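This report refers to the structure that appears directly beneath it.
The values are calculated or read from the model by the stated rules, or taken from the named source; none is laboratory data. Everything numeric here is computed off the predicted structure, so don't read it as measured data. Cβ coordinates were reconstructed from backbone atoms using ideal geometry, including for glycine residues, and neighbour counts include every protein chain displayed.
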Amino acid sequence: MKNIFFYPTEIGEIGIAASGNVITNLYFPNDQMPQDAVVNEIEILKKAGEQLHHYLAGKRKDFDLPLAPDGTAFRLRVWESLRTIPYGETRSYGEIAQSIGNKKSSRAVGQANHHNPIPIFIPCHRVIGSSGKLVGYGSGLQIKAYLLLLEKQYANY
């Protein structure tokens, strides 16, 4: 059974879901919410909500949460690589592909980003096009731009 709880933020109400004591999903306001989840703020969700609020206030750069995204072996490798991108920095899809040892898989990296079930905590917003343009973000480029600007603003603090 999944537990979910909703937190009001500057970018809208964000739902965070957990199964047992691990975070499995993060939902933006326009995302499809799971039908089988129970609204219940268990301790791990409370911790995740606090860390999310601190992050959005520029007071946290890294997350200390047990994450358990559900995906293929390839997607899991991509998501693990995303977690190594430092706060306030970006990487291109090609650079992520190269980091996982498959330099020709830029498009597949893009698809893995699109299917990231735990955005922000797994920072897919830090991946940009090779030209430096903001491309693709499941919840809209305005949220991606907001998160990148936030990190740029607080990167040196």
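Things worth noting here:
- Cross-chain or 6+ apart pairs with Cβ under 8 Å, region 33-49 first and surrounded by fewer than 15 Cβ atoms within 10 Å (Cβ to Cβ), then at pLDDT 95 or above and of a type in the set (Ser, Thr, Tyr): Met33/Tyr27
- Looking only at region 78-136, residues that are touching a Leu at 6+ places or on another chain (Cβ under 9 Å) and under 22 Å from Leu56 (Cα atoms) come to 21 in all.
- Region 17-28: number of residues that are touching a residue at least 40 places away in the same chain (Cβ under 8 Å) and closer than 30 Å to Tyr157 by Cα: 6
- The set of residues in region 10-42 that are among the polar types (S, T, N, Q), modelled with pLDDT of 95 or more and in contact with a Gly (Cβ under 9 Å, 6 or more places away or on another chain) contains only Asn25.
- All positions within region 122-143 that are touching a Pro at 6+ places or on another chain (Cβ under 9 Å) and either free of Cβ contacts under 8 Å to residues at least 12 places away in the same chain or not in a strand (DSSP E or B) (or both): His125, Arg126, Tyr137, Gly138, Ser139, Ile143
- Screening Pro119 against (1) surrounded by fewer than 15 Cβ atoms within 10 Å (Cβ to Cβ); (2) of a type outside the set (Asp, Glu); (3) within 17 Å of Gly88 (Cα to Cα) leaves a single unmet condition, (1).
- Verdict on Arg75 being surrounded by 16 or more Cβ atoms within 10 Å (Cβ to Cβ), charged (D, E, K, R) and closer than 20 Å to Ser139 by Cα: yes
- For region 23-55, the tally of residues that are among the hydrophobic types (A, V, I, L, M, F, W, C) and either over 13 Å from the mean Cα position of the chain (by Cα) or in the same structural domain as Glu89 (by TED's automatic domain parsing) (or both) stands at 7.
- Taken together, Ile96, Ile85 contain a single residue that is touching a helix residue (DSSP H, G or I) at 6+ places or on another chain (Cβ under 6 Å) and assigned to a loop (DSSP other than H, G, I, E, B), which is Ile85.
- Within region 59-70, residues that are under 17 Å from Leu147 (Cβ atoms) have Cβ atoms under 6 Å from residues that are assigned to a loop (DSSP other than H, G, I, E, B) in these pairs: Lys61/Tyr87; Phe63/Phe121, counting only partners at least 6 apart in sequence or on another chain.
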